[in-house]
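The values are calculated or read from the model by the stated rules, or taken from the named source; none is laboratory data. From a predicted model like this one, the values you see are computed outputs, not experimental measurements. We place every Cβ from the backbone using ideal geometry, glycine too, and count neighbours over all the protein chains shown. Quick note on the areas: whole protein, heavy atoms, side chains included, nothing else; ligands and nucleic acids left out. Shrake-Rupley method; radii C 1.70, N 1.55, O 1.52, S 1.80 Å.
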Amino acid sequence: MSRRQLAVFFDRDGVLNEDTGYVHRIEDVQWIPGARELIGQLYGDGRKLFVVTNQSGVARGYYTEADVQKLHREMNREFSKYGGKIEEFFYCPHLQGAKIAAYDWDCPCRKPAPGMILEAMRKYGLERENCLLIGDSRRDIEAAERAGIRGFLFPGGNLLEFWNSIQSEQRESDGKQNV
């Protein structure tokens, strides 16, 4: 590869779509302002984009893994309308003490554990210094830290504007190439 592979990880609920509680159908998705546009912009810039999301609704019996996978395919169809694509959606359906026994365990992928991020980095040959995560909770930022990548806490609002502010701060603080 002629240039380093830059990657951005996103939490899903609260970052790409409003966290209205156990979202699992496309008709229930309320997009965060600027999210679809940002996915299109970053993909167009050649970045690898990933989602890392806890999906305990599976373990709680609210919906199935097939429902999660279908939603992610439909989300990518929506992103494609903006010229974007999520390379892969990583999700953890496990929850210690879950209602459904098959999902009742302390999984190393469930954030704040870094398993989903580390799996993506291994699978796609990504280097830590070329990766960052945007999440809306301390759990997301802790997962990023534990994976050895930068984490940025999205406070809500417009995701594209938030991205632009991150880039501006990065230019000012270190003078290095933007990630």
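In straight-distance terms, cross-link reach from LYS99 covers every one of the lysines whose alpha-carbon lies under 22 Å from its own, apart from those fewer than eight places away in the same chain; here that gives LYS111. Taking Cα centre as origin and charging only the Cβ of basic (Lys, Arg, +1) and acidic (Asp, Glu, -1) residues, the dipole magnitude of the chain rounds to 500 debye.
Computed 3J(HN,Hα) for the range 25-36, one whole-Hz value per residue from the Karplus formula 6.51 cos²θ - 1.76 cosθ + 1.60 where θ = phi - 60°, is 10, 4, 5, 9, 6, 10, 5, 5, x, x, 5, 5, glycine and proline marked x.
For the chain, the carbon plus sulfur part of the accessible surface works out to 45%, probe radius 1.4 Å. Sequence-ordered 3J(HN,Hα) estimates for the range 100-109 from the Karplus curve with 6.51, -1.76 and 1.60 and θ = phi - 60° stand at 8, 4, 4, 9, 8, 6, 7, 7, x, 9 Hz, glycine and proline given as x. Within a straight-line Cα-Cα reach of under 25 Å, LYS81 can be paired with the following lysines, leaving aside sequence neighbours fewer than 8 residues apart in one chain: LYS48, LYS70. Spin-label model, GLU161 to GLU74: label points 7 Å out along the Cα-to-beta-carbon direction sit 2.9 nm apart. The alpha carbons of the chain give a radius of gyration and a Dmax of 15.8, 50 Å, in that order.
Projecting the Cα atoms of CYS109, THR64, GLN5 onto the charge dipole of the range 1-148 (Cβ charges, centred on the Cα centre) puts GLN5 farthest toward the positive pole.
Inter-label distance, ASP28 to ASP67: 0.6 nm, where each label sits 7 Å from its Cα along the C-beta direction. Under 5 Å between amide hydrogens, built in the peptide plane, is the criterion, and for PHE152 it picks out LEU133, ILE134, GLY135 among residues at least 5 positions away or on other chains. Across the range 69-179, the mean sequence separation of Cα contacts (distance under 8 Å, 6 or more residues apart), normalised by length, yields a relative contact order of 15 percent.
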